[in-house]
1. May I ask for the percentage of alpha-carbon pairs in the stretch 495-579 that lie more than 15 Å from each other?
2. Once you have the Cα-Cα distance between D608 and S215, take 0.36 nm times their residue separation minus that, and quote the gain in nm to one decimal.
3. If a paramagnetic tag sat 7 Å from the Cα of E84 along the Cα-Cβ line, which residues of the stretch 5-35 would have the backbone N under 16 Å from that point?
4. For S783 and D565, compute 0.36 nm times the residue count separating them, minus their Cα-Cα distance, and round to one decimal in nm.
5. In Å³ and rounded to a whole number, note down the convex hull volume per residue for the Cα atoms of the stretch 293-427.
6. Here are some pairs, K356/K492; K413/K492; K214/K243; K214/K413; K56/K83; K341/K413; which of them have Cα atoms lying more than 28 Å apart in this structure?
7. Under the 0.36 nm per residue contour assumption, what length would be gained going from the current alpha-carbon distance of L54 and E488 to full extension?
8. Counting every Cα pair in the stretch 354-479, what percent are over 25 Å apart?
Amino acid sequence: MPRYVCIHGHFYQPPRENPWLEIVEPQESASPWHDWNDRITAECYERNTASRILDKSGNIRKICNNYSRISFNIGPTLLSWLKENAPRCYRGILDADAAGIERFSGHGPAMAQVYSHLIMPLANRRDKETQVRWGIADFKSHFGRMPEGMWLAETAVDTETLEVLAENGILFTVLAPNQAGEVRSLKNAEPWRDVRWGKIDPGMTYLCKLPSGKSINLFFYDGTLSHDIAFGGLLHDGGAFAKRLISARPEAANATLSHVATDGESYGHHHRNGDMALAYCLEAIEKSDARLTIYGEFLEKAPPTHEVRIVENSAWSCAHGVERWRSDCGCSGGTPDYHQKWRAPLRDALDWLRDKLGVLFEHEGGKYLKSPWEARDDYISVILDRSEKMIDLWLTEHTTHTLSREEKIKVLKLMESQRSALLMYTSCGWFFDEISGLEAAQILRYAARAIGLIRELTGLNFEIEFSRLLEKAPSNVPELVNGKRVYELLVKPSQVSLERLAAHYGLSVLFFDQASDYWKELSGGCWDVAGENISHETAPEIAGSKAFAAGKVSVSSRITMEKKDFTFAANYRGGTAVVCGIIQPEHGYAGSIFANLGSLRDIFATSDKKKLIEMFGHNFFSLRHILNYAQRAMVNKLLELDTSRVEKGLRDVVSNYYGIFEYLATLNVKAPPIINSVAGIDLTYSVANILKDDAPDLSSLRAYMSRSRQWNIALNTEHIENALRAWLTKQMRGMYKSPANAARTELVKDVIVFFTSEFPMRLDLYEAQNYYYATQIQITRGSWQLSPDARTAFKKLGSVLKFAEEALEMGIIDV
């Protein structure tokens, strides 16, 4: 029988969205990327949809979609983020599952995952059921099929969790070898054999019989091999990786399985070029006498011959069972001198809040819902599709009577409080070393969101007791003291009210056209913010009012359907002096606020506090109320006028020094530092400006770059590289849509040669190579017919993009 090899990747990131906005705000620790989802997508998730196999010269021989040849799961919250923010990567993952179904005898390589990655043994039965049902529904919405297997967060398991999986139609899950307790043959009446501490044979499938009479299949991955992938340097050499996997199982009369499971981030994020080692390994296995497989296919080919009992309350990343997520057990990220005494109080606080929310959910939900908990299980249909049509379908299915608009809002807020209650248990909140870390602060944000929703609905304030419980969770950071302080400083400022959104709009409309990219991030969240009757004027000559705007703004939630209207007036005095006042329509001044805009502007310009308070009360907002994601854009905008004026002045100065620079160059003497710096700014700006054109003038580029070299002037290469990358991506995207333009193809090749040969820069060709390869596939499949000139130009471009000769031959493609 052949030896089978299976590589499983657990691809996952915790939900990072601001719970009040449903967008991921900038995370400085992920710089230069916007956030950690963005960064790890670039380093890993997307790389594995288009991984390179190189020839001996370092040129690209093949580009592969690794997902189509491995077993994988992708966390539901991450997959939803990819769908919205990295659609090409998302599409590549779905395509890989479809290709894998053909490759693996009708079994798809994708597995489902419990929805929000909570530690299942520490959850109550209701939460376990919802996590599994949401995970299945989410999987079906993306992949269009029922999942055969389901990944458990941290592989944490107990018997009740396996019961829930089995009763919901899951055929198998994957565990660590240390999670197997006892084994015996299904055929012989032999006694149970102790296989604890990783002594189980990982080369077969096991059946786990459950108290209910149901059963589930279990795979126990090879612990040593998996460790060497994650921590032992096995990804330094794809060939060695393949040999280890193949030789791990000797040839046998029966089918035998060599399989590993690690965090998918090993393949590109934790290990640079790990995706390429994986691609090379997979190709090497396919050329060997072993056969690649996935768990569903192997289960069909080699049903279990042995049954197993699990080690209760165990996981793959904690030597103490599941204590990493509820006690100071010693498992941590390794920060010196840090304790984790905060873990137990944090879980106690969240358990208290969960139970309070559950009782209230049953009581309040019972007024409107046939079965609140069944409604919660089915609420995933709304989470996946926030359209009004889907909301109405869900309401029709689960409510006891036709609801008024106000009642609909109440029900949706109740459901959202439960969604937040589930998300606040995401395992990452306990995994690391400190309660003020990104992950722990994030789960506290979900707790705060649930508390706020219930306060809006009932007037009950759970925050007082919740904060008191958090006070028992000591921080390792002296300034933060404890969890209560973390909650106050790192969580509560994230809260966003309808009033703040209205003010954000009023402050922003002073500076940004509503068609600009500035508004895209907010509109991509969960709010619709729309203005009407907007009056805007820029008057730099008027003291105290460089810009003024007033109008009406409507704020509505696509999640809870709540809506409020506001009237606003905003003024910019210069510098950081920006203020916006808002009132609701029923306020006495709301109707007359537009009667005399000039007078209103003057009141703001002179800072007539008495009159302003009379009109707006104390509903004033400043720059610090701008939403976090937009603060940098706002500051840049405030500096923009001054910056452009300075840049123009610098260019005028430099142009007067051109002759002197030429003369100094003949003497091999540098200009004074300040003049040299100014010249660098001017030349950088000039080069970047040329690269804004679809057809940049190479002679002009050569002239500016030559001056920088001859005059010994340093350019801001990062700025030029960013401009070049943007130009190149735009051109390659255009080529993908229409590759028949030989002149454009030649120009792209010439620009790349210019910046790699004549004036070498650190040119990132990754995106361009992907577009080239995708275009080549289209051409090969007959989507485009190229003229001889266009075909020649296309091949020359491929050579410049570092494709091997064999990969440039039309017809060589891979999926």
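1. Numbers: 2072 of 3570 pairs.
Of all Cα-Cα pairs in the stretch 495-579, 58 percent lie more than 15 Å apart.
2. Details: separation 393, 0.36 × 393 = 141.48 nm, distance 7.50 nm.
Result for the pair: 134.0 nm of gain on full extension.
3. 13-27, 34-35
4. Length gained, S783 through D565: 73.4 nm.
5. Value for the stretch 293-427: 212 Å³ per residue.
6. From K356/K492; K413/K492; K214/K243; K214/K413; K56/K83; K341/K413, over 28 Å: K214/K243; K214/K413; K56/K83; K341/K413.
7. Full extension of this stretch gives 151.1 nm more.
8. That fraction is 32 percent.
The values are calculated or read from the model by the stated rules, or taken from the named source; none is laboratory data. None of the values given here were measured: they were computed from a predicted structure. Virtual Cβ from ideal backbone geometry, glycine too; neighbours counted across all protein chains shown. Only protein heavy atoms, including side chains, enter the accessible area calculation; ligands, DNA and RNA are left aside. Shrake-Rupley method; radii C 1.70, N 1.55, O 1.52, S 1.80 Å.
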